[in-house]
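Chemist: Encoded as structure tokens, here's the structure I'll be asking about.
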């Protein structure tokens, strides 16, 4: 079992650190060859436009196929934008793996970043969440399950083997969101949690 972290740009090290604390082997993904043999993939936060441009080396074409084939994927912040079916103000989203529409930077500019706790279905009532220029979910498809809301707006959702979050769980010490992805979405047992 190996979980990949898309390593084109963004909070790559932080996700690797969270998975390492859970005892999950990881691989930083920068090319199509790095996608071979993965049990799941995290698409981290960062700048979605920059990540999309960097993905023109064929990685995104392969990601579309893998998502269609059922590879579990977890997108945080910009990663959620990449996985969404529709992005407000854009002709098309890069991957279209989950039936949601998102609004980029919906929570405001960098100076409006904030931390809060969320009640997340299946995880807990007190999960810390860091929002940085966060996208919000503005439309939810019929097969999508909303796991958490902030101020009434969906900020975490799942459909099939795809999980998305507007916030950055990797910027906290709390491992429950990553554990949920590994155990619930990927259906994997960890090799030995540390910490």
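Chemist: Can you tell me the order of 120-130, 66-76 when each peptide is scored by its average per-residue count of other Cβ atoms within 10 angstrom, highest first?
Modeler: The densest-packed peptide leads the list: 66-76, 120-130.
Chemist: To continue, here is another question. Looking at the chain, what % of its DSSP beta bridges pair antiparallel, to the nearest 5?
Modeler: 55 percent
Chemist: Can I ask one more? Over the chain, calculate the relative contact order: mean separation of alpha carbon pairs under 8 Å at least 6 apart, over the residue count, as a percent.
Modeler: Value for the chain: 21 percent.
Chemist: How large, in Å, is the range 3-185 by the Kirkwood hydrodynamic radius built from its alpha-carbon pairs?
Modeler: Evaluated on the range 3-185, it is 15.9 Å.
Coordinate-derived values only; no laboratory data. Model, not experiment: these values are computed from the prediction. Cβ: placed from backbone, ideal geometry, glycine included. Neighbour counts: every protein chain shown.
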